[in-house]
Amino acid sequence: MALPLVLAGPILRRVEPRLCTVWIALREAARVQVTVWQGAQFATANPGFVASGDAPIAVDTRQTRRFGENLHVAVVPVPVLDAGPALLPGHTYSYDVQFTRGGLATRTCAMPVC
C-alpha cells in the first residue's frame, strides 16, 4: 500500500508578529514553500496566487530533512516581508504549501487560518 505524500501536517508550529513557522512531514524528499496572505483567500489554478490578486505578506522555502526511508520533515520559518504588516492575534490569514519534487511543483494545501 502506497503512503500518501503528506504524512502529517501542515501544522502551524509558532506564530510571532513578524514570523510564522510551519511543520510538515512527507513520505519523500521535497522543497517545501509556504506563502501567507492577509484575510481569507481562495486558491487559483496557479500556485502562489490567490483569486483576490492580493500579494503575499510572507513566503519562504526549505528542503525537507530525511529521518527515515519514508519520513522527510520540513520546518519552514516564514518571515513577514519587509513591507508587510505584522501578524496580529485574532486576524485571519491564509497560507498555501507547495512541494517541488524532481523539478515538478505540486500544490496540496491552500487554506485560511486564524
Just wondering, is there one or more residues in the range 24-36 that are out of contact with any Ser or Thr (no Cβ under 9 Å at 6 or more places or on another chain) and not β-branched (Val, Ile, Thr)? yes
Can you pull out every residue in the range 55-81 that is more than 12 Å from Gln33 (Cα to Cα), hydrophobic (A, V, I, L, M, F, W, C) and either outside any loop (DSSP other than H, G, I, E, B) or in contact with a Lys or Arg (Cβ under 9 Å, 6 or more places away or on another chain) (or both)? Phe67, Leu71, Val73, Val80
Residue tally, condition under 23 Å from Gly102 (Cβ atoms) and at pLDDT 90 or above, over the range 24-60: 14
Which residue is farthest from the chain's Cα centre (by Cα), if the candidates are limited to the range 74-84 and must be small (Gly, Ala, Ser) and surrounded by 11 or more Cβ atoms within 10 Å (Cβ to Cβ)? Gly84
Only one residue in Leu71, Leu87, Leu104 is within 24 Å of Ala8 (Cβ to Cβ), among the aliphatic types (A, V, I, L, M) and exposed (fewer than 13 other Cβ atoms within 10 Å of the Cβ). Which one? Leu104
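The values are calculated or read from the model by the stated rules, or taken from the named source; none is laboratory data. These numbers were taken from a predicted model, which means no experiment stands behind them. Here Cβ is always computed from backbone atoms with ideal geometry, including for glycine, and neighbour counts include all displayed protein chains.
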